[in-house]
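Have a look at the structure below before the remarks.
The values are calculated or read from the model by the stated rules, or taken from the named source; none is laboratory data. None of these values were measured; they are calculated from a predicted model. A quick note on method: Cβ atoms are made from the backbone with ideal geometry, for glycine too, and the neighbour counts reach across all protein chains shown.
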Amino acid sequence: MVNDLESVILTHGAGSNRNAPLLVALANALGEAGVYVVRYDLPFRQERPHGPPRPADAARDREGLRAEVVKIRESKGGKVWLGGHSYGGRQASMLAAETPGLVDGLLLLSYPLHPPKKWEQLRTAHFPKLQTPALFVHGSRDPFGSLQELQQAIGLIPAETRIMEIEGAGHELGRDHVGLAKRIVVELNW
């Protein structure tokens, strides 16, 4: 998909920001492939440089993402993907479910299916409404959801989905961000 992908907006997890090493490496790899990339700080992070988002921040974070997508569509045109690590990916997927057609694809890095050891608190209620193709990049040792749980959960999504397994990685997706970013770019050519 990189061949016809023109823009990607990448956002961060709950404890991070737009300068997370994985997002920087991914932006560089996508840029080398000719894709325009925006690394975006969610509104909660723009407001507070440290600390996790509060539950009340989620809707505003999605509105910030929506505004960024509209801005890119107006300035660049073409196909736009939305991606994020953990919390950022969850908000991206919820926004795509709320607004079908807003983006052309999702890149979900370590999607947080549930809080660690709280298997009953699934974060998949919006999956049946998700009409956007999605690539899930997931570590085999992620405490926010096993690969088996993820495989079962994406069965709820009516759009095309794929899982890129990162063997031995946890929620941070390992330490070789540059190598992983290059693998993701290749995988986006599905």
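Worth a mention:
- Arg162 vs. criteria of a type in the set (Lys, Arg) and more than 26 Å from Arg45 (Cα to Cα): yes
- Flag for Ser140 being without any contact (Cβ under 8 Å) to a residue 40 or more places away in the chain and loosely packed, with under 14 Cβ neighbours inside 10 Å: yes
- Of all residues in segment 105-144 being aromatic (Phe, Trp, Tyr) and modelled with pLDDT of 95 or more, the one that is farthest from Ala14 (Cα to Cα): Phe127
- Only one of Gly13, Gly34 that is buried (at least 19 other Cβ atoms within 10 Å of the Cβ) and of a type in the set (Gly, Ala, Ser): Gly13
- Residue match in segment 143-150 (condition: touching a residue at least 40 places away in the same chain (Cβ under 8 Å) and either out of contact with any strand residue (DSSP E or B) (no Cβ under 6 Å at 6 or more places or on another chain) or among the hydrophobic types (A, V, I, L, M, F, W, C) (or both)): yes
- So Ala59, is it among the aliphatic types (A, V, I, L, M), more than 19 Å from Leu26 (Cβ to Cβ) and touching a Pro at 6+ places or on another chain (Cβ under 6 Å): no
- Taken as a whole, the structure places Leu5 among residues that are touching a Lys or Arg at 6+ places or on another chain (Cβ under 9 Å), crowded, with 17+ Cβ neighbours inside 10 Å, at pLDDT below 95 and more than 21 Å from Phe144 (Cβ to Cβ).
- Hits in segment 96-115 - residues which are crowded, with 24+ Cβ neighbours inside 10 Å and either within 21 Å of Glu6 (Cβ to Cβ) or charged (D, E, K, R) (or both): Ala96, Val103, Leu106, Leu107, Leu108, Leu109
- Boolean, Gly170 is among the small types (Gly, Ala, Ser), touching a Lys or Arg at 6+ places or on another chain (Cβ under 6 Å) and within 19 Å of Tyr87 (Cα to Cα): yes
- Residue ranges of helices (runs of 4 or more DSSP H) in segment 81-187 with at least 1 members more than 14 Å from the chain's Cα centre (by Cα) and not acidic (Asp, Glu): 147-154, 177-187
- Any hit, segment 48-68, residues being surrounded by 17 or more Cβ atoms within 10 Å (Cβ to Cβ), closer than 26 Å to Gly139 by Cβ, aliphatic (A, V, I, L, M) and touching a Gly at 6+ places or on another chain (Cβ under 6 Å): no
- Top-ranked residue of segment 172-184 - restricted to ones that are surrounded by fewer than 19 Cβ atoms within 10 Å (Cβ to Cβ) and not charged (D, E, K, R), ranked as modelled with the lowest pLDDT: Gly174
- Close pairs from segment 39-66: first within 14 Å of Gly89 (Cβ to Cβ), partner among the aromatic types (Phe, Trp, Tyr) and surrounded by 18 or more Cβ atoms within 10 Å (Cβ to Cβ), Cβ under 6 Å, at least 6 apart: Pro53/Phe44; Asp61/Phe44
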